[in-house]
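The values are calculated or read from the model by the stated rules, or taken from the named source; none is laboratory data. The shown structure was predicted, so the numbers you read here are calculated from the model rather than taken from an experiment. Cβ atoms come from the backbone with ideal geometry, glycine included; neighbour counts cover every protein chain shown.
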Amino acid sequence: MPRRLTRPGKQTKRSLHSGGPTTRTKTRQVSAPGKPFTNWKTTKATVTLGTTNSALSFVSKVGHLTGSHSGSVRVRIVVSGNNTPLSISVSGNNDITINAATGAGGAATTTAAQAVAAVNQDASARNIVDAFLPATSNGTGVVASAAFTSLA
């Protein structure tokens, strides 16, 4: 039966078989006991716009960590004009605007699912965020105007 001798940061295994070889294995200490690593936050910056079936969410690809980079990406939805097509534009450093399609009366006709697909198909926007429907949304609801909102 092997016997283990342990020192902080090092583990040694020794074979007690008669004439058996001695094996030493060094293992790297991941964190000190009682002191886990807390200097990195690995949560990606996200935001959800809208409610229920008109909700859509975004996860940042720029400034992946929360904290100092969390305000570097902003998203908004604009509903303006009559008979306008759905379009996506990126301005400034990382400001994404979803221009919702409108009908003859100026009301939005773009669903959350259509907005998600448009963002993910736009070459500039998809380099900044991943768009998706949250679990609470089936994407059939029509999007509403939303001011610039930072991913956090």
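Which residue out of Thr43, Thr110, Thr97, Thr38 is within 33 Å of the chain's Cα centre (by Cα), modelled with pLDDT under 95 and within 30 Å of Arg126 (Cβ to Cβ)?
Working: Thr110 fails: modelled with pLDDT under 95; Thr97 fails: modelled with pLDDT under 95; Thr38 fails: within 30 Å of Arg126 (Cβ to Cβ).
Answer to the selection: Thr43.
The set of residues from region 92-116 being over 17 Å from Thr140 (Cβ atoms), assigned to a strand (DSSP E or B) and either free of Cβ contacts under 8 Å to residues at least 40 places away in the same chain or among the hydroxyl-bearing types (Ser, Thr, Tyr) (or both) comprises Ile96, Thr97, Asn99, Thr102.
For the structure I just gave you, tell me whether Ala118 is buried (at least 16 other Cβ atoms within 10 Å of the Cβ) and either out of contact with any Phe, Trp or Tyr (no Cβ under 6 Å at 6 or more places or on another chain) or among the β-branched types (Val, Ile, Thr) (or both). Yes: the conditions hold for Ala118. Residues in region 49-73 that are surrounded by 15 or more Cβ atoms within 10 Å (Cβ to Cβ) and either at pLDDT 95 or above or of a type in the set (A, V, I, L, M, F, W, C) (or both): Leu49, Gly50, Asn53, Ser54, Ala55, Leu56, Ser57, Phe58, Val59, Val73. The one condition from (1) assigned to a strand (DSSP E or B); (2) hydroxyl-bearing (Ser, Thr, Tyr); (3) in contact (Cβ under 8 Å) with a residue 40 or more places away in the chain that Ser89 does not meet is (3).
Applying the selection to region 118-136, what residues are within 14 Å of Ser54 (Cα to Cα) and in contact (Cβ under 8 Å) with a residue 12 or more places away in the chain? Please lay out each step first, then the result.
To start, the set of residues in region 118-136 that are within 14 Å of Ser54 (Cα to Cα) comprises 131-136.
Across region 118-136, the qualifying residues are Ala131, Phe132, Leu133, Pro134, Thr136.
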